[in-house]
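So the structure is just underneath, and the comments pick up after that.
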Amino acid sequence: MIRQNISLKPYNTFGIEATASKFARFSSVNELKDILTETPDKEILILGGGSNVLFVKDTIDELVLLNEIKGFEVVEDNLDDVVVSAGAGEIWHEFVMKCIEKGFCGVENLSLIPGSVGASPMQNIGAYGVEIKDVFEKLEALHIQTGEIHTFTNKECEFGYRESVFKRKLKGQYVITQVYFRLKKQPNLNTSYGAIDTELAKMGIANPSVKDVSNAVISIRSSKLPNPKEIGNAGSFFKNPVVDQSVYQKIAQKYDSVPNYPAENGAVKLAAGWLIEQTGWKGKTKGHYGVHKLQALVLVNYGGATGAEIYDLSTEIIEKVKAEFGVTLEREVNIYL
Ligand SMILES: Cc1cc2nc3c(=O)[nH]c(=O)nc-3n(C[C@H](O)[C@H](O)[C@H](O)COP(=O)(O)OP(=O)(O)OC[C@H]3O[C@@H](n4cnc5c(N)ncnc54)[C@H](O)[C@@H]3O)c2cc1C
């Protein structure tokens, strides 16, 4: 059923007030198809957990659709691995917990990332040395214009760092309905990311299980990132920029401690949070919004901020970083202007 003039405040983790002129929920592909036949212009905005969006405009004129397709099923059971299919409206962290309960390995480093399974391929979610592309098998998505279901393989999703074909070439064209993951039956843990090993050592665990790694990740994340139920935010607001060697060398001449990581073709990945911190923004507030005190990558709404205020703050930060380092930060969060 399509409803009119619905507040989107409960549906975005920034807690921004915006109104959907038209709003509907669907919990199956057939329900989605029915709604689309009632929507001649096919102008759609799909929402999962709303944990990676910023509404800048007050009214969203597209039809806002909340994806609630549930389901968890092992569809292939092999000697070494399984393929698990999950409905796009499953909550990502609950999906991870179900995989761990069943002893499947591969998504434990991605514990506690907010949002839905269906949004996970959108930006190839990643944390602690793992991205979903590492375990992604395929997805099914409904083409909004034709109503046809198309299957996309790992390669066809064109995953990159917080990127996929659905954020670029095919933006706004598909609703992801089902995602398939290939997971290992035997532990094949990735604790190379320093903080996980340190946390496991603190927990006194020498031979970790899949569950231990998940617990370590949950513990690190809970101590570092603001809980959106308490402080409005959308996680990292900016991507870590990838720059040429020459740009990196210039920065390193002035700041010899600049964190840097090798990227493709000799390029260098910098830490956006560090760059922002150097410009003095970490922990700064502008009344009821600002930059988080523990993590400069995270912009926060302490209550009552507008999307425009958060957006303008992000522009100010981009300009400051550009002036100081000559590096242009790109927003990771999906902006609705
Ligand atoms: C505290 C916090 C920590 C975070 N940490 C991480 C992290 O470690 N790593 C990371 O990668 N991300 C992180 N994020 C970002 C966010 O959790 C992910 O991007 C997540 O995948 C968003 O899921 P969602 O369901 O909330 O998507 P939404 O915010 O609802 O949507 C995001 C985008 O995807 C589109 N979309 C959503 N569902 C579908 C669908 N089924 N079909 C087509 N399009 C769709 C939307 O239209 C929108 O453009 C964090 C966010 C928060 C608040």
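The values are calculated or read from the model by the stated rules, or taken from the named source; none is laboratory data. Quantities reported herein were computed from a predicted structural model and do not represent experimental measurements. We place every Cβ from the backbone using ideal geometry, glycine too, and count neighbours over all the protein chains shown.
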message: I'd like the full set of residues that are more than 24 Å from Thr315 (Cβ to Cβ) and buried (at least 19 other Cβ atoms within 10 Å of the Cβ), limited to the stretch 258-290.
response: Val268
message: Just the residues that are of a type in the set (A, V, I, L, M, F, W, C), more than 20 Å from Glu158 (Cα to Cα) and out of contact with any strand residue (DSSP E or B) (no Cβ under 8 Å at 6 or more places or on another chain), please, taken from the stretch 107-142.
response: Leu112
Every residue from the stretch 195-234 that is within 16 Å of the ligand (Cβ to nearest atom), part of a helix (DSSP H, G or I) and not aliphatic (A, V, I, L, M): Glu199, Ser214, Ser219, Arg221, Ser222, Ser223, Lys224
- request: Sort out which residues of the stretch 187-228 are over 27 Å from Val298 (Cα atoms) and either in contact (Cβ under 8 Å) with a residue 40 or more places away in the chain or not assigned by TED's automatic domain parsing to the domain that holds Gly126 (or both), and write them in order of number.
  value: Pro187, Asn188, Leu189, Val210, Lys211
- request: Only strands (runs of 3 or more DSSP E) wholly contained in the stretch 32-106 count here; list those with 2 or more residues that are in contact with a strand residue (DSSP E or B) (Cβ under 9 Å, 6 or more places away or on another chain), surrounded by 15 or more Cβ atoms within 10 Å (Cβ to Cβ) and of a type in the set (Gly, Ala, Ser).
  value: 81-87
- line: Considering residues that are touching a Lys or Arg at 6+ places or on another chain (Cβ under 8 Å) and assigned to a loop (DSSP other than H, G, I, E, B), the number found within the stretch 7-31 is 5
- prompt: Are any of the residues in the stretch 153-162 within 14 Å of the ligand (Cβ to nearest atom), under 28 Å from Val217 (Cβ atoms) and in contact (Cβ under 8 Å) with a residue 60 or more places away in the chain?
  reply: yes
